[in-house]
Amino acid sequence: MARGVGADSYTARTRKSAHRARIALRKSGVDYFRGDGSDWIALAGLLLTVPAIACGTIATPVWCAPSALVLPIVAGGLLLRPASLLGLYAAAATALIVESIVLGPYTQGPARVTPGTVLTVAACGFFGLVIAQFRARVGVPWRRGGTMLFDLRERIRVQSALPRLPKNWHREMALRPAGGQSFSGDFVVAARTNGDRTLEVVLTDVSGKGMDAGSRALLLSGAFGGLLGSLPPHAFLPAANAYLLRQNWDEGFATSIHLVLDLDSGDYELFSAGHLPALQLHAGNGRWEEQSGEGPLLGVYDGAQFDPVKGSLRPGDVLMLFTDGLVETSGRDIAEGIDRLTGEADRYVASGFGGAAWHLIEAVAKDVNDDRALLLICHEA
């Protein structure tokens, strides 16, 4: 009986060991083809083009020059890992040697392998290897680099989407990165809180611009989006300030303005962290009024206080939030820029502010080399 039990336990252990080995082998295969081996199809295809180009050069060197070998080398620099790229280079070098032997010395006629051809192929190979090593150091798979950047851009766009408002409210936002890039240091996070009766919007301007500030803006927008609605309004900017301080960035500061709007009454509070004032259009007299809370930049020092300013949006009133790229340039101070912005905004008072955000940026800061963001909240009559 004891021997039977021992045999059963031995068989069970053997089966478990075989199962673990099978799982480990399967996992290593998946890891290989998704990671280190993910470029084997591209490598095989490029390796096949090298002898094809060599045969074409030997058959018709006038139409298929020896320098055509740079084509698979350039493609390899964009697609392959450094280790795979070295194998492609070895194949290309072998093809050059075969071509020079078959075609003869370059002194005996044109369309032969010359020193210039060798230098051209070697230079392309060097730059391709530099690009491949950079991608390997970053750790982004060859097929996923562009997809990852696209995904990051879409995440910023989704996080900046404004929630739907009741029918007597209108909201819109326009965001224009510096230099026509896809990433911006300006971002918006918004949420309906307090049982959907309150709209909270945070407009933030991270130090830097364009791609330089885009990665930090993505990180902060995710963090700020998590804080918004999870904390009382008066606690949001102190928590955001503490979070920014913990990052220890060299360029670690940001400006931010936090709007807390009661959608039933139109009453609001504005908390500011070193941000430009908001502008409110009073429908009664047609004048723009600056509204701004008091508080320092985010990420400067701990324990900062942020005191709000209170106001009310009555039917017909408009509240405009914006970043400094919209009103500040090297040859114009902020006050002049704000005057120009309000002057352009007056054009929409009679017709309504539908679609005005994008057109206002076009009118006052179309060619400015800075990130620009504009947010409009309208209490429709």
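Rule-based calculations on the coordinates, nothing more; no lab input. The shown structure was predicted, so the numbers you read here are calculated from the model rather than taken from an experiment. Positions of Cβ are generated from backbone atoms using ideal geometry, with glycine treated the same way; all protein chains shown enter the neighbour counts.
Within the listed set Arg347, Arg13, Arg112, the residue fluctuating most in the Gaussian network model of the chain (springs between alpha-carbon atoms under 10 angstrom) is Arg13.
Normalising by residue count, region 251-344 has a Cα convex hull of 104 Å³ per residue.
With the convex hull drawn around the C-alpha atoms of region 308-381, the volume per residue stands at 98 Å³. Take the Cβ atoms of Ile41 and Val158, set R0 to 41 Å, and the FRET efficiency comes out at 0.80.
Distance between the modelled labels on Asp250 and Glu289, one decimal in nanometres: 4.5 nm (7 Å Cα→Cβ projection).
What FRET efficiency, computed as 1/(1 + (r/R0)^6) with R0 = 30 Å and r the Cβ-Cβ distance, is obtained for His359 and Val309, rounded to the nearest 0.05? With a Förster radius of 30 Å, E is 0.60. What FRET efficiency do you get for Ala93 and Ser215 if R0 is 45 Å and r is their Cβ-Cβ distance, rounded to the nearest 0.05? E between Ala93 and Ser215, to the nearest 0.05, is 0.70.
Listed by chain and number, the aspartates and glutamates placed with their C-alpha closer than 15 angstrom to that of Lys310 are Glu200, Asp262, Asp267, Glu269, Glu289, Glu290, Glu294; residues fewer than eight positions away on the same chain are left out. Just Ser17, Ser100, Ser330 to compare: in a GNM of the chain, with alpha carbon springs under 10 Å, which one fluctuates most? Among Ser17, Ser100, Ser330, the largest GNM mean-square fluctuation belongs to Ser17.
Could you work out how far helix 115-138 tilts from the main Cα principal axis of the chain, as a 0 to 90 degree angle to the nearest 10? The angle comes out at about 50 degrees.
Spatial offset of region 72-134 relative to region 273-331 amounts to 60 Å, using the alpha carbon center of each.
Could you tell me whether region 210-252 comes out rounded, prolate or oblate from its Cα gyration tensor? Rule is a ≥ b ≥ c as square roots of the eigenvalues, rounded for a/c under 1.5, then prolate if a/b exceeds b/c, otherwise oblate. Taking the square roots of the gyration eigenvalues as a ≥ b ≥ c, region 210-252 is oblate.
Annotation: extensible slack from Ala52 through Ala191 equals 44.1 nm (criterion: 0.36 nm per residue apart, minus Cα-Cα distance).
Semi-axes of the equivalent ellipsoid for region 61-137, computed as √(5λ) from the eigenvalues of its C-alpha gyration tensor and ordered from largest down, come to 26, 10, 9 Å. Taking the longest Cα principal axis of the chain as reference, the axis of helix 334-345 is set at about 80 degrees. Remark: region 225-381 is approximated by an ellipsoid whose semi-axes, taken from the C-alpha gyration tensor as √(5λ), come to 27, 21, 12 Å, largest first.
Comparing Phe236, Phe126, Phe306 in a Gaussian network model of the chain where C-alpha atoms under 10 Å apart are linked, the largest mean-square fluctuation is found at Phe126.
The convex hull built on the alpha-carbon positions of the chain has an orientation-averaged projected area of 34.1 nm². Listed by chain and number, the aspartates and glutamates whose alpha-carbon sits under 17 Å from that of Lys16, ignoring those within fewer than 8 places in the same chain, are Asp8. About its Cα centre, the dipole of region 314-381 is roughly 220 debye, where the only charges are +1 on Lys and Arg Cβ and -1 on Asp and Glu Cβ. What angle do you read, to the nearest 10 degrees and between 0 and 90, between the alpha-carbon axis of helix 233-247 and the longest principal axis of the chain? That works out to roughly 30 degrees.
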